Every structure is written in structure tokens, then in C-alpha cells.
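The values are calculated or read from the model by the stated rules, or taken from the named source; none is laboratory data. Note that the structure is predicted; figures quoted are calculated from it, not measured. Cβ coordinates were reconstructed from backbone atoms using ideal geometry, including for glycine residues, and neighbour counts include every protein chain displayed. For accessibility, only protein heavy atoms count, side chains too; no ligands or nucleic acids. Shrake-Rupley method; radii C 1.70, N 1.55, O 1.52, S 1.80 Å.
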Amino acid sequence: MSLIAFLQAQNCSNYVGSWRHPASMTDFLSADYFTRIARTLEDATFDMAFFDDRLAMPDIYGQSHDLAVRHGIRSVKMDPTPILMAMAMATRHLGLGATYSTTYYEPFHVARLFATLDLMTGGRVAWNIVTSMNDSEAANFGRASHLEHDLRYDRADEFLQIVRDMWTSWDDDALVLDKSSGEFADPGKVRRTAFNGKYFDVNGTFTVPRSRQGHPVLLQAGSSGRGRAFAGRWADVVFTAYSSREAGEKQYRAVKQAVADAGRDPGQVVVAPAIGVVTAETPELVEKKYELIDALARPEDSLALLCEVLNTDLSTRPYDEPFTDKELADMSWQGLRDRVIQLSGTANPSVRDFVQYSGRGSLPKGGSTLVGTPTQIADQLETWFGTCCDGFVISAASVPGTYEDFARLIVPELRRRGLVKETYAGDTLRGNLGLPAPAPFAQGARA
């Protein structure tokens, strides 16, 4: 069972109210905040922790940043890669991932950054691939508007082909390092990267040799139809979300089929849904803990976050007015839209439906939040494992409380059942995830 922690380089976890929890740490602008988390996760033999990210604060609601800043609604967003390195220096085995956008960065920059991180950590790095979501991000990069959903994935396909070509352009044994002859590397084992496409025209030689794990692990959240096809082609780890076990089984099969359709082995891709966990030693303590965490949510948190991910200002829209088909088609995060449609049972949900069923800003209802004693939680994880997932992404409702509770209470029970390893099996992230070394790709192949 793969265990992955879902982190944010900011004042809160993905549960915005987490920073208001009495036990949450407030030194999030320091390296100590993140290295404490890293050591907790490594003690519990988590395979990886990765940072979600956006390139703008949630300032679409009312076309203002006031609400986000005043209430701490993901208003701090630091670059996750320096934090990743601080966590790597505090650990020896924990895999570490960071989000970088294919819409607002360039292939060479991302390829070099992550290849270097992978070398500096001994092969423990993952890249969480995103196409970004909204016009606020576009504005921060001097652009008038965000690319349409499917066009973002078309650009991302070209982007990934170039990055993979760069990462495989050095053979594993390209370095010679013969001081007597003066030969540093074999030029016959270093290839130029040549690619000509709709979005990119690249012809150059990459500057970073291969790492111990070949190249960084590729992580992607594929939930929409186009996103699932993209994940099927590229991802080593697919990060997803399920509304129930039944829905999870269906989505799990769909993701594995997308991998097979791309000509890859579905058994070599890890599918891991995000879950929240509220646990304690007794049912009475569980109930009190849940009530405290649930009370941290505020309706305005949900509205601000929905505007961010749907790229739509909801501040003046009637609360119960159904969205039109065109408005739904124009929404940025189509996977979230589809989940709200499914859970609400209506083809044209309203703002109220999105607030109630999206889980944005509140504890997600249904199968996404597991509440119970360690034995009860382990029972649910064991039931899901293998039938609808290969592991789990643990989201925090308080920091570091959620991670500490999971490590202290649930991991020992999972180990007792033989579901989680006692020690790390490999010396790279790929090794610990049970993933093979990446095969070389054909240079310049079109998406």
C-alpha cells in the first residue's frame, strides 16, 4: 500500500480552516515547519510527500484578494522546490514531489530543475504535472486569459515529450571522468533534443546527466476524460479523488484502461485517491475531534476556492440558479464539475450544489473523509486497497496533527496486517513505489 502525504507550501493544508486549528503550527514561513513533517512521515515509511500548488491566490471571488488575505484562504503560496530540498536534507528515504505548470513554464527549465533536484536527493524526486486553472494565474504571467481546457492538455503533451526526451538524452554510462586521458564524457552517449510541434520548437542539448532512478517520478491528477488520457500516457502515479468505493472502482478501472490504451503496463502505474482522516483512540475522542475540525470551515472559504478552481466569479450569482450547459462546459476543473454533477444528481447544479458537494473549504463528505478509530480506519483502507486503488494520498485537517495521528495510530495497525512496510525497500523513490526504471522514449515523437 503506497502512502503519500498531500502538502501545501503555505499557511494551511488543502483544508483551508486547518490554520485555525488550536494545535496547528504557525511557523509555516520557516524550514523547521516542513522538516518536522518530513521526519514524521519518514518514521511512518511514507513513500512520498508532494506539494500541490497554484500560481495565484484565490482572488476571483468579487474580483478582489481581500477575502483570501483576511481569512488566510490559501493566500500564501511559496515556491515548493526550495522547501522540498530542505525536507530532503532532513531525511534519507522519503520521496518528495513539487508541482510545476506546463502552461506557464518552459520545458528546458522544468527538465533541468527536476533533474538537478533528483541528483541532489539521490533519486527521490517527483514532478506533479499540472496545466493550471484560472485567469489569475495568467495575469501573474502577463497574459490576458487562461488557455482552454483541452488546449492546455495539447500543450502539455508536447511539453512532456520534450522533457522526457531531455531526461533520456544522456545514457546512464555517458560520464567517463578519465583524468589521465582528459575525457569527461562520451559525446556518442549524449543526444540533442529536437522537437517541432504546434506549441514548441526545440533543438538543443540537455545539460544534466541521469539520476539513480533514471529520471523523476511523474505524478498527475487525471480525472476528466482528457486528463485521464494524459495521465494514461505519462503518469507513474495518478492522484485522484473518489466520492465512494463504488465510484472508485469504476474510476480505477478507467485509469488503468487509459494506461493500457497508451501502450503501457497498468501494473506499473500507482493510482492513489486523496482521503482525509480523523482518528483517535476511542469513538468518543473521534467524535469530539471531528466536531472541532468540521467547525473550522466557513462558507466564504468554499466560495473563494470554487471561484479559483472553476475560473468563475460566483459573488453576484443567485445561490440556487442552475448553471447552463455552456457555463458548465467553460469551467476550468472539469473533474470537480463532473463529481458535483454526480453527487448532486442534477445535470445543471447551482452554486449551492457546488458548495455542498465539492468539498472545497470543508471536510469532504462521503468516501473522501474517513472518520473512526485506528482499527475502523484500517478496515476501510484495506477494503479499498487493490479493488479501487494502489495506495492513498493523505490530506491534513490540521498540521502536523493529521500526519502525526496517522503515523502514530494507523500505520502500526496497517503494518500488523502486512499492508505497509516496516522499512524502506529501495534506495530511490521508484524503488520504494515498486516502479521500474523508465524506458527511453523515441526522440521527437509527436503527441
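Structural remarks
- The helix-only estimate of mean residue ellipticity at 222 nm for the chain, built from DSSP H runs of length n ≥ 4 each weighted as -39500 (n - 2.57), is -11000 deg cm²/dmol after division by the residue total.
- Note on segment 159-295: antiparallel DSSP beta bridges, both residues inside, total approximately 60 percent of the bridges counted.
- Accessible area (Å², per residue) of segment 360-429, counting only protein heavy atoms and a probe of 1.4 Å: 37
- Couplings for segment 205-216, taken from phi via the Karplus curve 6.51 cos²θ - 1.76 cosθ + 1.60 with θ = phi - 60°, read 10, 6, 10, 10, x, 5, 9, 5, 9, x, 7, x Hz in order; Gly and Pro are left as x.
- Under 5 Å between amide hydrogens, built in the peptide plane, is the criterion, and for residue 270 it picks out 237, 238 among residues at least 5 positions away or on other chains.
- Peptide ranges 420-428, 56-64 listed from the most packed, as the mean C-beta count within 10 angstrom indicates: 56-64, 420-428
- Compared with the dominant Cα axis of the chain, that is its longest principal axis, helix 225-234 is turned about 30°.
- Per residue, the average separation of C-alpha pairs within less than 8 Å and at least 6 apart gives the chain a relative contact order of 24 percent.
- Placed amide H near residue 49: partners under 5 Å, 5+ positions off or other chain: 5, 95, 96, 97
- Degrees, to the nearest 10: 31-43 long Cα axis against longest axis of the chain: 90
- Sorted on the mean count of surrounding Cβ atoms within 10 Å across their residues, most packed first, peptides 90-100, 245-255 read 90-100, 245-255.
- Accessible area of segment 39-128 divided out per residue, in Å², using a probe of 1.4 angstrom: 34
- Selection among 231, 274, 241 by position relative to the dipole of segment 200-331 gives 231 as farthest towards the positive end (Cβ unit charges, Cα centre).
- Each residue of segment 302-312 was assigned a 3J(HN,Hα) from its phi angle through the Karplus expression (A = 6.51, B = -1.76, C = 1.60, θ = phi - 60°), giving 4, 5, 4, 6, 5, 4, 5, 7, 8, 6, 9 Hz with x at Gly and Pro.
- The residues of segment 230-357 present an accessible area of 44 Å² per residue when probed at 1.4 Å with all protein chains retained.
- Of 18, 181, 136, the one that fluctuates the most in a GNM where the chain has Cα springs shorter than 10 Å: 181
- Shape annotation for segment 345-386: C-alpha extents along the principal axes are 38, 21, 11 Å, from largest to smallest.
- Based on Cα contacts under 8 Å between residues 6+ apart, segment 295-447 shows a relative contact order of 17 percent.
- With every protein chain in place, the chain: carbon and sulfur % of accessible area (1.4 Å): 52
- With the biggest extent put first, the Cα atoms of segment 102-252 measure 62, 39, 24 Å across the principal axes.
- Axis of helix 80-89 versus longest Cα principal axis of the chain: the two differ by about 70°, to the nearest ten degrees.
- Dipole in debye (nearest 20) - the chain, about Cα centre, beta carbon charges: Lys, Arg +1; Asp, Glu -1: 500
- Where both bridge residues fall in the chain, DSSP classifies roughly 20% of the beta bridges as antiparallel.
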